[in-house]
1. On the given criteria, is A:GLU134 within 14 Å of another protein chain (Cβ to nearest Cβ) and either over 29 Å from B:LYS55 (Cβ atoms) or free of Cβ contacts under 8 Å to residues at least 24 places away in the same chain (or both)?
2. Are any of the residues in region A:241-249 among the aliphatic types (A, V, I, L, M), more than 14 Å from every other protein chain (Cβ to nearest Cβ) and surrounded by fewer than 15 Cβ atoms within 10 Å (Cβ to Cβ)?
3. All but one of (1) hydrophobic (A, V, I, L, M, F, W, C); (2) under 32 Å from the mean Cα position of the chain (by Cα); (3) modelled with pLDDT under 95 hold for A:PHE264; which doesn't?
4. Do you know which of the residues in region B:3-31 that are within 27 Å of the chain's Cα centre (by Cα) and of a type in the set (Gly, Ala, Ser) is modelled with the lowest pLDDT?
5. Can you report the number of residues in region A:93-124 which are facing chain B (nearest Cβ under 10 Å) and either of a type outside the set (Val, Ile, Thr) or within 18 Å of A:ARG237 (Cα to Cα) (or both)?
6. With the requirement that a residue be acidic (Asp, Glu) and either closer than 18 Å to A:SER112 by Cβ or in a helix (DSSP H, G or I) (or both), what does region A:130-158 give you?
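The values are calculated or read from the model by the stated rules, or taken from the named source; none is laboratory data. As the structure is a prediction and not an experimental result, all values here were calculated from the model. Positions of Cβ are backbone-derived with ideal geometry, glycine not excepted, and every protein chain shown enters the neighbour counts.
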Amino acid sequence: MLARSSLRAARSARSISSPTVTSDAQRNASSQSSSESAAAWKSNGLLASSTLLAVGSVSWYYYQFGRPTQAMTPAEEGLHAPVHPWEHTKLYKTFDHSALRRGFQVYREVCSACHSLQRLPYRKFVGSFMTVDEAKALAEESEYDTDPNDEGEVEKRPGKLSDYMLAPYKNDEAARAANNGALPPDLSLITKARHGGCDYIFALLTGYPEEPPAGAVVQSGLNFNPYFPGTGIGMARALYDGLVEYEDGTSATTSQMAKDVVEFLNWAAEPEMDDRKRMGWKVMAVTSVLFGLSVWVKRYKWSNVKTRRLAYQPPPPNAQKQPGSVFRR
Amino acid sequence: MAGVLGGIYNSIVKRNAVFLTTIFAGAFATNIIFNIGADSVWDQINKGRQWKDIKQRYMGDQEEEDE
């Protein structure tokens with residue numbers, strides 16, 4: 001289509017530029033038509049080849065530089081965790097604090113063997129899922145260093161509410177040495193620190209297959225988990241049905257425990273979430289009233305502007321021009 | 001209508017001290033009432049989920065142990 005129209009344009013241009021040719025063309029039409037068809041072939045070919053060149057270079061460029069790049073294979077990325085409808089992540093829902101209590105029980109009885117929770121003090125538990133006395137009793141189970149006494153010796157004292165949770169290992173090196181070189185991450189902020197958050201941790205905890213699929217390479221000392229980037233994870237499956245006994249009678253299935261501990265870890269990462277959401281909806285309520293007010297004020301103030309009518313009265317045609325009435329550039 | 005507005009004007013707006021006092025007292029009262037109302041709606045939505053809804057179970061245990 002493009003080729004044809006451009007040809008037509010070229011032909012008409014030629015006929016305009018040389019009007020003398022037309023008389024020749026009328027005289028010997030046969031020779032004229034052959035040279036014209038040759039020219040048509042030439043420009044057709046030019047057009048086709050340049051189009052091919054353009055398309056080819058663009059596609060070559062896309063092939064070289066335009067495709068999405070993947071630094072890692074899908075196995076190295078890890079499976080994407082399925083998204084679950086978490087109740088506590090809804091905008092108008094708090095944490096389920098009995099689930100927090102269960103989740104902390106799971107953390108204490110299972111996770112805390114390897115994973116620390118060092119950014120949480122015992123006082124945070126009070127009023128969230130523990131009474132003061134329970135939290136105090138829990139704190140007193142661990143021993144902390146005192147300040148140096150008169151002789152410069154550091155003694156041990158039972159923990160207080162203001163103390164932070166103790167790590168299971170003295171330091172990261174001790175943790176690595178005890179876990180085959182793999183460092184169990186601190187869980188205080190883990191739901192914020194991993195892509196997928198709650199979904200990822202839930203999928204990781206419940207996603208261990210009975211045995212690795214055929215063809216999967218699992219290094220010695222590692223376990224196969226498709227959700228873990230690289231699929232080889234130092235942590236073995238930790239949650240089994242009936243591993244803990246909940247005091248409120250909830251049946252401790254693997255997924256129930258995983259759900260509870262994930263909610264607890266989310267609380268550990270965002271203990272302010274309940275207050276944040278409550279304040280947030282108050283702010284939204286007040287702001288929407290203020291927004292409605294400001295809309296009304298705007299309409300009120302602008303009503304003069306919006307309802308006025310501009311009329312142009314042309315001057316009478318033979319009016320005397322006043323000095324200053326003429327618009328000069 | 002005019003009578004009501006006139007009454008409001010005469011009783012509140014006419015004297016600046018009364019007007020300002022009314023505004024401040026009204027702001028405090030609105031704040032308190034709004035907070036109470038909003039919190040009660042929030043607690044209604046999240047009934048049974050918050051610590052204050054479930055703490056009775058554990059507080060009760062504590063008292064029995066104390067005895």
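1. Yes, satisfied.
2. yes
3. Failed condition: (3).
4. Applying the filter and picking the extreme gives B:SER11.
5. Here the count works out to 8.
6. A:ASP133, A:GLU134, A:GLU140, A:GLU141, A:GLU143
Yes or no, residue by residue, for (1) modelled with pLDDT under 95; (2) surrounded by 17 or more Cβ atoms within 10 Å (Cβ to Cβ); (3) farther than 22 Å from A:MET273 by Cβ:
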site	(1), (2), (3)
A:GLU143	yes, no, yes
A:THR146	yes, no, yes
A:GLY152	yes, no, yes
A:GLU155	yes, no, yes
A:ASN171	yes, no, yes
A:ASN180	yes, no, yes
A:GLY196	yes, yes, no
A:ASP199	no, yes, no
A:PHE202	no, yes, no
